[in-house]
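To start, the structure itself, in structure tokens.
The values are calculated or read from the model by the stated rules, or taken from the named source; none is laboratory data. For clarity, every value in this text was computed on a predicted model and none was experimentally measured. No Cβ is skipped: glycine too gets one built from the backbone with ideal geometry, and neighbour counts run over all protein chains shown.
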Amino acid sequence: MYDRLKGHARRQIPAVGRILGALGRCDLPRPVIVDVIRRKLSEIRTTKKVPDFESTVVLIRRSIEELGACRLQPIINGTGILIHTNFGRAPLASDAIHALKEIGPGYSNLEYDLATGARGQRGSYIENALALLCKAEAATVVNNCAAALVLIVGHFTRTKTDVVISRGELVQIGGGFRIGEIIEATGAKLREVGATNKTALDDYADATGQNTAMILKVHQSNFFMSGFVESPSSDEISELARKKRIPFVEDLGSGAVAATEEFGIDHHEPTPAEVLKSGVDLVSFSGDKLFGGPQAGIIAGKKKFVTALKREPVFRALRCDKLCLAALQATVDLHLNQRHGVIPTLALLQVSEDELRARAASICNQLSRQSCNLQVAVASSVAKVGGGTLPRSKMPSVTIEIVPGNCSPLEFASRLRSATPPVIGYVANDCFRLDVRTIFPEQDDLVVAAIRAACIK
């Protein structure tokens, strides 16, 4: 491939140092910039024609900007999706941020017992607090809910292979991952029962045998079925599991620990305490959805099973670090103290439509006074919880509808994505929209500034 350019043409390719000088100041580390330059120059060597110097600099600068945009950075979410998986799911409460600032800069008693001066147990306070919150005998934490499922299935299938699950619960989660594939990755065998829309208790009973390791129930948290639908309750499956002496595990996913009706949701999401009360042996759920904390997989239930899971060798590979535990500890304390209103996700659910409309009108008025080259209007909309949670629940919301005068709505959306911080909305009905429910009040002025800057580009 390198023979495409002849010797005299190769000599026209600029040196790395010359391009560095032409680029000027860049926010990325110098080794990263040099690496991008070298890779782009290597690509040029495989072509038949060398671009001129200015074109080469423009190409490399664009690549550096694209790479820089991949760095983790704050954004303004105007999509109307509260728990947006692509945007990091649940925003953390101020108490959790304070905990990160306390624990992050220095040393901590992560695995040190201050009473005895000896080595301590990681996460012991959090485990006790979670058990209390879930009304469970014991609890523990791993780095996400899929990891919790892998740990549980791997433990129960050490001597027996079959995991009994309803066909209607073989959920696909974000990124194309499927519950069935995650289970099979542990070496377990799926024993699918029932039909997609109807599973009877007898289906579970007929499927259990000498090689049954566990019964798994997966909450349909990211979709719902209606019509000719039937499935046994957790109480019914629990009774069957006890008679068969088979462990029964339920994956709740969404992490609602308080009644969702309290936050204006018209659909009740089962809580870990409710599920465990029905007789389930172990329940797992996410820490970064309706729970409102960092990414984590929480497991609660019978002490003998939780203790056994923590003895599994893979448990060490799945454990949380000090920053995750610090943020989770603060979030658990907020739930125990019934301070749900300061958890951002739950607070956003409760904002009234009147308040949203007043903020949207204020933003539109500011833009109108500043003579921006656009048309703006306030409109009604519907927001979603998102994050694979409460798919049936939609909340009334308010959007700012923008028709730019100097570009298309798609180009306007692109300009706002390049703002600092980036402002993310969506295009519908030939206009650009920002849903105010997912924009924090303290971000309103930033939104106005970003829109104004996008108008004059």
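Filtering the range 27-48 to residues that are assigned to a loop (DSSP other than H, G, I, E, B) and touching a residue at least 40 places away in the same chain (Cβ under 8 Å) leaves Asp27, Leu28, Thr46, Thr47, Lys48. Lys49 fulfils the conditions (1) surrounded by 13 or more Cβ atoms within 10 Å (Cβ to Cβ); (2) at pLDDT below 95 except for a single criterion, (1). The selection criterion, being at negative phi, not in a strand (DSSP E or B) and not assigned by TED's automatic domain parsing to the domain that holds Val447, does not hold for Ala360. The number of residues in the range 275-326 that are hydroxyl-bearing (Ser, Thr, Tyr), part of a strand (DSSP E or B) and more than 30 Å from Pro105 (Cα to Cα) comes to 1. Tell me, please, whether a residue that is more than 20 Å from Phe177 (Cβ to Cβ), within 23 Å of the chain's Cα centre (by Cα), assigned to a loop (DSSP other than H, G, I, E, B) and in the same structural domain as Phe177 (by TED's automatic domain parsing) can be found in the range 225-245. No, the conditions are met nowhere in the range 225-245.
Let's see how each residue does on (1) in a helix (DSSP H, G or I); (2) modelled with pLDDT of 95 or more; (3) touching a Phe, Trp or Tyr at 6+ places or on another chain (Cβ under 9 Å):
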residue: Asn128; (1), (2), (3): yes, yes, no
residue: Ala146; (1), (2), (3): yes, no, yes
residue: Thr159; (1), (2), (3): no, no, no
residue: Val164; (1), (2), (3): no, yes, yes
residue: Gly209; (1), (2), (3): no, no, no
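Filtered by the rule that a residue be surrounded by fewer than 21 Cβ atoms within 10 Å (Cβ to Cβ) and either out of contact with any Lys or Arg (no Cβ under 7 Å at 6 or more places or on another chain) or free of Cβ contacts under 8 Å to residues at least 60 places away in the same chain (or both), the range 382-395 gives Pro391, Arg392, Ser393, Lys394. Going residue by residue through the range 315-334, is there one that turns out to be exposed (fewer than 14 other Cβ atoms within 10 Å of the Cβ), over 24 Å from the mean Cα position of the chain (by Cα) and either modelled with pLDDT of 95 or more or in the same structural domain as Arg392 (by TED's automatic domain parsing) (or both)? No, the conditions are met nowhere in the range 315-334. Would you call Val249 surrounded by 24 or more Cβ atoms within 10 Å (Cβ to Cβ) and modelled with pLDDT of 95 or more? In short, yes. Against the list (1) surrounded by fewer than 19 Cβ atoms within 10 Å (Cβ to Cβ); (2) not in a loop (DSSP other than H, G, I, E, B), the condition Tyr107 fails is (2). Comparison of Val385, Val398 shows that the only residue that is within 26 Å of Asn144 (Cα to Cα), outside the structural domain of Ser254 (by TED's automatic domain parsing) and under 31 Å from the mean Cα position of the chain (by Cα) is Val385.
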